[in-house]
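All remarks here apply to the structure that follows.
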Amino acid sequence: LTMSGNNPELFSPSQKYQLLVYHADSLFHDKEYRNAVSKYTMALQQKKALSKTSKVRPSTGNAASTPQSQCLPSEIEVKYKMAECYTMLKQDKDAIAILDGIPSRQRTPKINMMLANLYKKAGQERSSVTSYKEVLRQCPLALDAILGLLSLSVKGAEVASMTINVIQSIPNLDWLSVWIKAYAFVHTGDNTRAINTICSLEKKSLLRDNVDLLGSLADLYFRAGDNKNSILKFEQAQMLDPYLIKGMDVYGYLLAREGRLEDVENLGCRLFNISDQHAEPWVVSGCHSFYSKRYSRALYLGAKAIQLNSNSVQALLLKGAALRNMGRVQEAIIHFREAIRLAPCRLDCYEGLIECYLASNSIREAMVMANNVYKTLGANAQTLTLLATVCLEDPVTQEKAKTLLDKALTQRPDYLKAVVKKAELLSREQKYEDGIALLRNALANQSDCVLHRILGDFLVAVNEYQEAMDQYSIALSLDPNDQKSLEGMQKMEKEESPTDATQEEDVDDMEGSGEEGDLEGSDSEAAQWADQEQWFGMQ
């Protein structure tokens, strides 16, 4: 390029155009996106000048230049690359403008796909639908375009009609219409029918052990509140594909909630070895920090994940939860609202927002939101429990909470959150025997740390100390970090042996203060690391 600048006669106009494109491509691959845009712009100006000279002198030039002109980088491809640069720079409006400038007839499927995604992100739903449909017209098996249309509330039947010709003309594609039906249920929030439809697909020999379907199934079980089956499906998918990243953020979150922090740490290390350019490894490590009560570090990791993928719902939820626990409730609310915008059918997004409202004593807002969720997602065990959770905060609506929880437990007697909230209500009413019966029934089908701990609390209330101690022990075996179970056990030990208890208390205080010091130190260190952005190198 320098030689060309110093001696304009050295290269032909078409060669100059090629040089500029090659230079811009190199900058693009080196992630120098702003510089690449400027070079692509220069290349397009050169191409325009080249077009003018070829029009003025159509007969000039030897025969050898014809194949060279045919091999020139496409102007449309250059504009696509520019749009990619703009998206990397988070300048979506500029990306849309450059692609909009390409005449409709000249747009390739990948250009329409990028436009559709950009329109969707910008909230221009009608334009997005049009672009996705154009992709399907050219490529009827573009599954991402099908999912894009379904996510924009286009009916499953209409989407299926756009693929019917190719299904009939190509053998072994009869599964596609069922696949479309399954994901139509996913995007309308009908988790039960989506699970049943995907299970029927998975049983078909051609799609058995499909990692993508297993991941979707795991995510659906998670949305339906069936964490046990969700974990099983994630593990099955991992065994089939050890390099799987998609969905591992949700898997890590579920493991962390169960207190399996060592497994979460191992998962984070493994994912970082696969790729640190995806949000999932950062979210998994953030979940480990969050459930270790190191909220500053969790906050930084969540922010890093969002930086890598602004559409990561799990990253937004992690950062929102960290902000909430650090007392920055208003900032947390912004993150939960964004998560709801991205995933309007995911209940945990609404749960996070409602918890923020309750933390700031905005019970009215929490009630409005819970009622909206109840109406939007339907009366299932999860929405009934969420509404009951808000009703429990107001003494006036205690009876309504009781009715809602009874309905939820009638629908799903094993739904953990409903059992916990019903136990909380019975504890307030001091109906300990009823609470013990409820918890024993729930524990007959599942073993959960929280249920064992609450049963221990209830048994203490009716003076069944030995069995209460057993329940606390089981709870701690399931989650060694469960502080409340440890406190319950220590309280009982103090009551049994006052002299020993005094001595133990001194020791515990010393240990406890050391641990708190460690945690606080970790948080302050994390804050420094967050500023430097150089602290995190997986072991």
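Worth a mention:
- Diffusion of the stretch 306-361 by Stokes-Einstein, at 10 °C in a medium of 1.306 mPa s and with Rh set to the Kirkwood radius over alpha-carbon pairs, works out to 147 µm²/s.
- Accessible area per residue for the chain is 52 Å², calculated with a 1.4 Å probe on protein heavy atoms, without ligands, DNA or RNA.
- Extents of the chain, largest first, come to 105, 55, 45 Å (Cα atoms, principal axes, whole angstrom).
- Summing charges over neighbours of A388, with a neighbour being any other residue whose Cβ is under 15 Å away from its Cβ, gives 0 when K and R count +1 and D and E count -1.
- Distance between the stretch 120-165 and the stretch 1-53 - C-alpha centres, whole angstrom: 36
- Proximal lysines relative to K203, as straight alpha-carbon distance under 28 Å, when same-chain residues fewer than 8 apart are discounted: K155, K181, K228, K233, K246
- Virtual spin-label span in nm between I334 and I76, 7 Å along Cα→Cβ: 4.1
- Within-12-Å neighbourhood charge of R341 [Cβ basis; K, R +1; D, E -1]: +3
- Segments 267-275, 234-242 sorted - mean Cβ within 10 Å per residue, highest first: 267-275, 234-242
- Taking the inverse of the mean reciprocal distance over all distinct Cα pairs, the Kirkwood hydrodynamic radius of the stretch 430-495 comes to 11.6 Å.
- For the stretch 344-357, 3J(HN,Hα) computed residue by residue from phi via the Karplus equation (6.51, -1.76, 1.60; θ = phi - 60°) reads x, 9, 9, 5, 5, 5, 5, 4, x, 5, 5, 4, 5, 4 Hz, glycine and proline entered as x.
- Using a cut-off of 20 Å between Cα atoms, the listed pairs K402/K431; K16/K47; K48/K79; K120/K319 include K120/K319 as exceeding that distance.
- Rg/Rh, computed from the Cα trace of the stretch 218-270 with Rh as the Kirkwood radius, has the value 0.93.
- Under Karplus coefficients 6.51, -1.76 and 1.60, residue-wise ³J(HN,Hα) of the stretch 388-405 in Hz, glycine/proline x: 5, 4, 6, 4, 5, 6, 10, x, 5, 9, 4, 5, 5, 4, 4, 4, 5, 5
- Theoretical FRET efficiency, 1/(1+(r/R0)^6), r = Cβ-Cβ of R105 and I274, R0 35 Å, to 0.05: 0.30
The values are calculated or read from the model by the stated rules, or taken from the named source; none is laboratory data. Please read all numbers here as calculations on a predicted model, not as lab measurements. Positions of Cβ are backbone-derived with ideal geometry, glycine not excepted, and every protein chain shown enters the neighbour counts. Accessible surface is based on the protein model in full, side chains and every heavy atom, while ligands, DNA and RNA are left aside. Shrake-Rupley method; radii C 1.70, N 1.55, O 1.52, S 1.80 Å.
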